Every structure is written in structure tokens, then in C-alpha cells.
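The structure appears below as C-alpha cells.
The values are calculated or read from the model by the stated rules, or taken from the named source; none is laboratory data. Computed from a predicted model, the values in this text were never measured in an experiment. Cβ: placed from backbone, ideal geometry, glycine included. Neighbour counts: every protein chain shown. These area figures cover heavy atoms from the full protein model, side chains too; ligands, DNA and RNA do not enter into them. Shrake-Rupley method; radii C 1.70, N 1.55, O 1.52, S 1.80 Å.
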Amino acid sequence: MSSHYETLGVARDASAEEIKKSYRKLARKLHPDVNPGEDVSDKFKSVTHAYEVLSDPQKREIYDATGNENGTAGGGFGGFGDIFEQFFGGGAAQGPASRTQRGRDALVTASIELKDAVQGTVYTLDIETAVTCGVCQGTCCQPGTSPETCTICHGQGQVQRPVRSFLGNMMTVETCSACRGFGTTLPSPCNECMGQGRVRERVSKQLKIPAGVATGTRIHLDSQGEAGPGGGPSGDLYVEINVKRHAVFEREGNDLHATLRIPMTAAALGTDMKLETFDGEQDIQIEPGTQSADTVKLSQLGVPRLRGGSRGDLIVHLQVETPTKVDDEQRELLERLATLRDEEFAEGRLAERGGVFSRLRDKLGHRA
């Protein structure tokens, strides 16, 4: 790609008058009104743009230094100011850095039982984290000593030195290697934390988990994360809840679901049964003629809403069990029952829509 100087046909040290004279000559030759044509029109635009850059002293100075009037060097620098960052340490001194910094946030997982999610609990977190050093109390120094002003940068955290560049002699600004930019040195670093002001320890924390949490719920503990270097404030701790699968109950939203198997005779005749729940033993009435996939709802025995309010329900799905093994006496009784019900030679038939399979699908399909 031609430079602006080549586009105008002048040398890099051409005077402003020479640049102007060359532009006028080319503009008259390439002007669209004089010499129409797409190719000529593009050349005219290039010449005009080159003149706009080189006729402006400030733009020309930037262009000469970077090869681009926007201050973007061909090597990939983001702007003219970036040249100073790349070659001269970012320009003016910024002052010493602080040893005291905020600690990082931390994320841990707490796995709890479903019962704990329903009723709430106090969970013991056992985690390894950074804590303020107990020997130096975050000062980074051995007890009885303190940081001293750096004798190289005199507390500035940065040093300047001259350098010769294509822009002439300039002063670079660099981080002081003696104090690593802090402006102070540690003549007697703490032996416990090696001058960091913090150590790693395994600690236990008590976490109150409210009723209604679910897998993925995050609890935010302010300033309970890692302690910061140099006695800095602690970050935050986030605890993500994982609710374990239960052998009996399954959660769906704020409702709980369970399956209760009942004998064929109990389903036919009806009975009262007991079910152990998170709220203790509950009575369930089985109506005569109960079918598989029928349900019994126990109100307000589900999961509480996390931010308060009513609880969900416990939905008990009934499953009628057909005996697989019968002795001679039982077989005789069943045969008598079949005779009484005129079912000795009963034939199977497809159920109409809304029959047992449809009800089973409607009641259990949403849990698949």
C-alpha cells in the first residue's frame, strides 16, 4: 500500500508548499469532472485524503511516527498513545502500588438432603481458603519491624531512565525492580506468610440454609471469601446448593411426589394406610375401587417457597399391585370371585381415550 507521500509524489521531507503544489496538479488531472471514470475517481479520493493528512501539521507528525494518521502503527498498536506504553512504560509515573488488596471471591458447593431443603438446616462448611496471617496480622513484616521506603525509587514505585528512539531522546517510566512497584521494601518479611500478609488454612464455617432452596440456589456470604494480601479485606463467598436425590420423594417445583404401592384387595375394598413424610406419619384413605395412577393430595406437606409464603403439596401416586404367586387356596378364592363377577372367560379390550392408560399418562407423564 502506497504511503501518502508516494500518492502525492513528494519526498518525506517535502515542505508544506511543495505538498500543496503537488496536490493541486494531481487534483486538476484526476478531478471527476475533467476525467470521468471509476478508477480515476478512486485515485482522486486517495490524493485528496493524502493531502488532508499531510497538510495538517499535527496529523502529519502522527503519520510520520506511526504510518497512520489515526496513531495506529503497522505493528498492531492500538493508538499513538500506545506507542508510549509499548516503548516507554506508559508515560507519566502513576505512583506506588499498594500491598493491601481485596481478596478473591470464592465459590463452593454444599450437598444437602432433600429433607434439609424442605425444612432448612445449619450446614458446616469445611473449606481451604486464605486467611490473614496470625503472626504479622497482615503487615507482611516480622513483629516489631515495618516496611522501609525504597532507596532506589524513593517511594515512587517507578523509576525513569533516558532512551534514544526514532522520536528522539525520551524518558521511560518503569516499575522499580527493587520494590516491585510498592515504593517500600520489607527488610524482615514475616516468616509465617513469607511477606504476603496471609496464609492458607482449612477452616469451618456455619451456614444457615433456609427452607425452600433447590439445586443451583446460591447463598451469598459477604466478606467471607479469601483474605486479601497485605491485610486487605476479604472477598465474598458464594455457596451453591446441591440437593441429593431421595429414595422415596421426588421434587417438582414446590410439590413433592411419592409412589405408594397397595395390594389389589385394598384397592378393591378400600382401606386406611400410613405414610411416613418429612412432617411425620400421615394417614391416607384409600377409596374402594382405587385404580393405578390415582392420586391422593396431602396439602401443605411439600416444599416451602424460598422467600416465604405457603408450602407446596405432597402428591401420592397409587400403584395397585397384582399378586404374582398364589397358593391353591388363594387360587380357589380368586376363581370363585371371577365366577361371581362373571369374569371366568373375560376378554381384554382396548380402553377408550380417557381410560386407565390415558389417566396414567396424564398423571405421570409430566414427571418423565
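Summary of computed values
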read-out	value
From phi via Karplus (6.51, -1.76, 1.60), per-residue ³J(HN,Hα) for segment 318-326 in Hz, x at Gly/Pro	8, 10, 7, 9, 8, x, 9, 10, 10
20 °C / 1.002 mPa s Stokes-Einstein diffusion coefficient of segment 229-281, Kirkwood radius on C-alpha pairs, µm²/s	134 µm²/s
Calculated FRET value between Asn242 and Glu321, using beta carbons and R₀ = 45 Å, to 0.05	0.85
Computed E for Thr215/Arg341 - FRET, C-beta separation, R0 51 angstrom, nearest 0.05	0.55
Under the Karplus curve 6.51 cos²θ - 1.76 cosθ + 1.60, θ = phi - 60°, whole-Hz ³J(HN,Hα) for segment 196-211, x wherever Gly or Pro sits	8, x, 7, 9, 9, 9, 9, 10, 10, 10, 8, 10, 8, 9, x, 5
Computed FRET value (nearest 0.05) for Glu174 with Lys59, which takes r as the C-beta separation and R₀ as 35 Å	0.70
Linear extension gain, Lys29 paired with Gln206, 0.36 nm per residue minus alpha-carbon span	55.3 nm
All lysines inside 24 Å of Lys115 as judged from Cα atoms, apart from same-chain residues fewer than 8 positions distant	Lys205, Lys208, Lys244, Lys274, Lys297
Sulfur and carbon atoms: percent of accessible area, segment 249-345 [1.4 Å]	46 percent
Within the accessible area of segment 129-175 (1.4 Å probe), percent carbon and sulfur	52 percent
